[in-house]
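Engineer: Quick one: the structure is below, questions incoming.
Values quoted throughout were computed directly from the atomic coordinates according to the rules given, and no laboratory measurement underlies them. Computed from a prediction, not measured in an experiment: that's the story for all the values here. Because the Cβ atoms are built from the backbone with ideal geometry, glycine has one as well, and the counts that use them run over all protein chains shown.
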Amino acid sequence: MKGRTKMLKFSKAKAAVAAAAMGFMSLSPAASQADENFILAHAMNTDHVFHSLSERFLGEVEGSGLNVAYHPGGDLGDWTSLFEQSMQGVVPMTLTWGASEFDARLDLAYLGYVVSNWEEARALYGPGSAMLGVYNSILHDLGVHAVGIIPTDFGSVVIRKGVGAMPVNLPEDGNGLKIRVPGLPVAVDRFNNFGFSAVPIPLAEVYTALQLGTVDARSFSTAVETYQLRDVLETNILTNDYFETAFWLVNKDWWEGLDAADREKLQGAIDSTIEFSWGEAEAKSNEFLQKARDEGINVVELTDAQLQALKDITYEKEWPAMEETLGSEVMNQVRAAIGLK
């Protein structure tokens, strides 16, 4: 029944896309055959960064002969459905995340300490970067191509009010503190390796778990999320063990079938938009960290030695374990990208 439900859901989304495409084309009878008409869709509402980036991109391509039917808000499907529809070529372009149900190697997104600061992140994930090539070595097997990587923020550790702990020298300071992690083996293993007692809890239940004392801490918390949970938190330790990103995806066959000049225009507009997003993402992170401080949350930066200790644990324990899922080829590409032997 679950498979049938998913098929019906996809069929409805596909029908919606077909209707959207027909309507789009019928509104442009005067467009020359040389003009390229295509759909850009994502699943997030207009408050999300995906919308502001999409609007900036639309401004970049305005008057170029590239006609974009823009569908925000998930009206053509949720983010996993849009990933699948891009694989099928139904939606040529989408902003979404890596759906590891289609390829477990996309769990690469959760690998710890690929980068640990904004300068490293921009160099490794920015337009034309090494990690873009690593991800495309996976995505091409699914029939999609990442034309860019969209930055969000670093994930770190936050401590519940009343705990009074300051776990900065890990694994010693972990001392079995109960920490909420996502339900991913890599997340559970990482924080157990850091000396905590990892407890997988769904994101929707995190606030209640902190409020009731079910857990002492939370992992993978971005600056915005820390601020949102400010009334139940006392400390934010910037472990920066995880860097959250999303993909700007296109269907590979569609992309390669474009006229070279159109493809160049699109890539230029996307690169310009993503370059802008890096400054915005870092500024937003700093803004919400300061807001957290203003609300009385103690924001703690690790020393170089404390940070290196966490990296050493991660490279020694987590990376070899992840290699079993990702494969040696992908892991060697990542090691080469960050200069790790």
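Engineer: Can you work out the Karplus-derived ³J(HN,Hα) for every residue in the range 131-143? Use 6.51 cos²θ - 1.76 cosθ + 1.60 with θ = phi - 60°, whole Hz, and x for glycine or proline.
Structural biologist: 5, 4, x, 4, 5, 5, 5, 8, 5, 4, 5, 9, x
Engineer: Let me ask something else about it. I need the Debye-formula profile for the range 211-266: one equal scatterer per C-alpha, no solvent, reported as log10 I(q)/I(0) at q = 0.13, 0.16, 0.24, 0.26 1/Å, two decimals.
Structural biologist: -0.56, -0.63, -1.02, -1.12
Engineer: Would you mind working out the magnitude of the charge dipole of the range 83-155 relative to its Cα centre, with +1 at each Lys and Arg C-beta and -1 at each Asp and Glu C-beta, to the nearest 20 Debye?
Structural biologist: 160 debye
Engineer: Would you mind telling me which residue in T235, T273, T46 has the biggest mean-square fluctuation in a Gaussian network model of the chain, where springs connect alpha carbons within a distance under 10 angstrom?
Structural biologist: Maximum fluctuation in the GNM of the chain, among the listed residues, is at T46.
Engineer: Once you list every other residue whose beta carbon is under 13 Å from the beta carbon of V49, what net charge do they have if Lys and Arg are +1 and Asp and Glu are -1?
Structural biologist: -4
Engineer: How large is ³J(HN,Hα) for each residue in the range 277-294, as worked out from phi by the Karplus curve 6.51 cos²θ - 1.76 cosθ + 1.60 (θ = phi - 60°), to whole Hz, x for Gly and Pro?
Structural biologist: 5, 5, x, 5, 5, 5, 5, 5, 4, 5, 4, 7, 5, 5, 4, 5, 4, 4
Engineer: Which value results when the Cα radius of gyration for the range 254-341 is divided by 2.2 N^0.38 Å?
Structural biologist: Relative to the rule-of-thumb radius for its length, the range 254-341 sits at 1.66.
Engineer: Tell me, in nm to one decimal, what length is gained between D141 and L340 on full extension, where the rule is 0.36 nm per residue of separation less the Cα-Cα distance?
Structural biologist: Going from the current span to full extension adds 69.0 nm.
Engineer: Compute from the Cα atoms of the range 31-91 the Rg and the Dmax, the latter being the longest Cα-Cα distance, and quote both in angstrom.
Structural biologist: Computed over the Cα atoms of the range 31-91, radius of gyration and Dmax are 12.3, 35 Å.
Engineer: What pairs from K178/K341; K161/K284; K178/K317; K161/K311; K161/K341 go past 31 Å between their alpha carbons?
Structural biologist: K178/K341; K161/K341
Engineer: For the chain, what is the calculated [θ] at 222 nm in deg cm²/dmol (nearest 500), taking -39500 (n - 2.57) for each run of four or more DSSP H residues and dividing by its residue count?
Structural biologist: -14500 deg cm²/dmol
Engineer: Treating only the Cα positions of the chain as identical point scatterers, give the base-10 log of I(q)/I(0) from the Debye formula at each q in 0.09, 0.15 Å⁻¹.
Structural biologist: -0.53, -1.30
Engineer: Right, another one. Using a Cα-Cα cut-off of under 14 Å, which aspartates and glutamates could be cross-linked to K265, ignoring same-chain neighbours fewer than 8 residues away?
Structural biologist: D35, E36, E60, E62, E256
Engineer: Same structure, new question: Based on the alpha-carbon gyration tensor of the range 68-151, what equivalent-ellipsoid semi-axes (square roots of 5 times the eigenvalues) come out, in whole Å, largest first?
Structural biologist: 24, 15, 12
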